[in-house]
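Each remark here refers to the structure printed beneath this line.
Every number here is computed from the coordinates shown, using simple stated rules; none is lab data. The model shown is predicted, which means the values in this text are computed figures rather than measured ones. Here the Cβ positions follow ideal geometry from the backbone for every residue, glycine too, while neighbour counts run over all protein chains shown.
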């Protein structure tokens, strides 16, 4: 089992970590791996290509070129995701919840909940299937 293999590896090597595998070496250095997410957090509107250009600009006459794909991979490694809800919207939701804290179930029955989805009740939604 995986547990038995991990215990055996620890007894043999003194570490639970896997041994290094073969494969193409990374294009980015450890410093660049740290620079990419920091740059992304500082300016959320930068594309992967723009972040790659910034990384390439900081290199001192290196022949290496870091592509947008490499930047995307590094951001994926740290599981970079946009926040599910923005800070301003969080605060607005909290204010709404505090304002309506005392509402009864009957009052909530008259609220139409919507998540900005489009509903077509009559007519066409103008989609054409070929």
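Annotations for the structure displayed:
- Over all pairs of different C-alpha atoms, the chain has a mean inverse distance whose reciprocal, the Kirkwood radius, equals 21.1 Å.
- Burial order of peptide ranges 76-86, 43-53, 104-114 (average beta-carbon count within 10 Å, highest first): 43-53, 76-86, 104-114
- Most mobile listed residue (55, 120, 95) in the chain, GNM with C-alpha springs under 10 Å: 120
- Relative contact order [Cα under 8 Å, 6+ residues apart], region 2-77, whole percent: 28 percent
- Top of 19, 70, 40 by mean-square fluctuation, Gaussian network on the chain, Cα under 10 Å: 19
- Segment residue 30..residue 100, full-extension length gain: 20.2 nm, with 0.36 nm per residue of separation and the alpha-carbon distance subtracted.
- Alpha-carbon spread of region 2-77, three principal axes, descending order, Å: 46, 28, 17
- Compared with the direct C-alpha span, the chain from residue 13 to residue 114 gains 30.7 nm at full extension, assuming 0.36 nm per residue.
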